[in-house]
Amino acid sequence: MPLAFESLSHRTIAFGFFNIESDMLLCDRYFFFADDFCRLLMEMAAAAGRRDYGTDWPVHVIERPEEVGDLMGAIHGVRYTGFIGELYRRYPFPHRPEDFKQNPEGYRTRDAVSTLIAGYGQPQRVRVSVPAGGEAVSLGDYRFSRPQFQALIDYVWRGGYPRWRGDIRPPYVSAMRETLARNRRGVFEGIDFSRP
């Protein structure tokens, strides 16, 4: 479930997983897969605190809210509109509350989810940049302070809300954590993975 996060550029935005059977994340109107995000973080860590970091990074952008869809309507099975509606038709919300957990094997649906989003979102490359000091991160149009960006990382580490099923993380999330834990400089300074 996406949660509200603060940003320097847009105040409050939605960020997070939006279907437990997919590892796709949304950041307001940007859509990308969690494994790609974790790889981006690991690349950032190689430069953290030593030099400026910059890259062009692929995302899907859905400009019109009606093409994003109605998340709550899809969760409740009453309104399947836009990309999110199509996704929930294929992977419906679980009937039992105890089954509402982020699937650590959500990466297995990547091909199907990629096909669905292609009908709604335009692939674009956005500039990701971090100054050597790591005071802030720019992710395309969005800008985050160090604590704000670390909150996004923590969300992915925990599996968002409702957390990873069985507290089992995908291998790419564990690899991200190990890399960042060894590189707590710049934007990763003070990052804390001690919470489960």
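The values are calculated or read from the model by the stated rules, or taken from the named source; none is laboratory data. None of the values given here were measured: they were computed from a predicted structure. Cβ placement follows ideal geometry from the backbone for every residue including glycine, while neighbour counts extend to all protein chains displayed. We work out accessible area using only protein heavy atoms, side chains counted, and drop any ligands, DNA or RNA first. Shrake-Rupley method; radii C 1.70, N 1.55, O 1.52, S 1.80 Å.
Data table
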quantity	calculated
The chain, Rg to Rh (Cα coordinates; Rh as Kirkwood inverse mean 1/r)	0.96
Accessible area (Å², 1.4 Å probe, nearest 10) - Ser174	50
Percent RCO, i.e. relative contact order, over segment 85-189, from Cα pairs under 8 Å lying at least 6 residues apart	30
Heavy atoms of Trp57 accessible to a 1.4 Å probe, total area in Å² rounded to 10	20
Ranked order, Phe193, Phe93 - accessible area, probe 1.4 Å, largest first	Phe93, Phe193
Nearest-10 value in Å² for the accessible area of His76, using the 1.4 Å probe	130
Placed amide H near Thr81: partners under 5 Å, 5+ positions off or other chain	Asp70
Carbon/sulfur fraction of accessible area - the chain, other protein chains in place, 1.4 Å, %	49
Anisotropy class of segment 98-196 from Cα gyration tensor, a/c 1.5 cut	oblate
Alpha-carbon centroid distance for the pair segment 124-173 / segment 1-44, whole angstrom	7
Exposure ranking of Leu25, Leu71, Leu8 by accessible area [1.4 Å probe, largest first]	Leu8, Leu71, Leu25
3J(HN,Hα) from dihedral phi, segment 148-161, Karplus parametrisation 6.51/-1.76/1.60, rounded to Hz, x for glycine, proline	5, 5, 5, 5, 5, 4, 4, 4, 5, 4, 7, x, x, 10
Sites excluded, GluC sites (Glu not before Pro) in DSSP loops with at most 15 other C-beta within 10 Å, longest stretch of the chain	1-62
Karplus-derived HN-Hα couplings along segment 184-193 (A = 6.51, B = -1.76, C = 1.60, θ = phi - 60°), whole Hz, x at Gly and Pro	7, 10, x, 5, 9, 4, x, 4, 10, 9
Potential extension, Gln122-Glu63 segment - 0.36 nm per residue separation minus Cα distance	20.4 nm
Rg over Rh [alpha-carbon atoms, Kirkwood Rh] for segment 42-141	1.09
All-pairs Cα distance distribution in segment 150-196, expressed in whole percent, bin size 10 Å	27, 59, 14, 0
Exposure ranking of Asp52, Asp35 by accessible area [1.4 Å probe, largest first]	Asp52, Asp35
Relative contact order computed over the chain (Cα-Cα under 8 Å; 6+ residues apart), in percent	28
Whole-number percent relative contact order across segment 130-196, with pairs defined as alpha carbons under 8 Å at least 6 apart	36
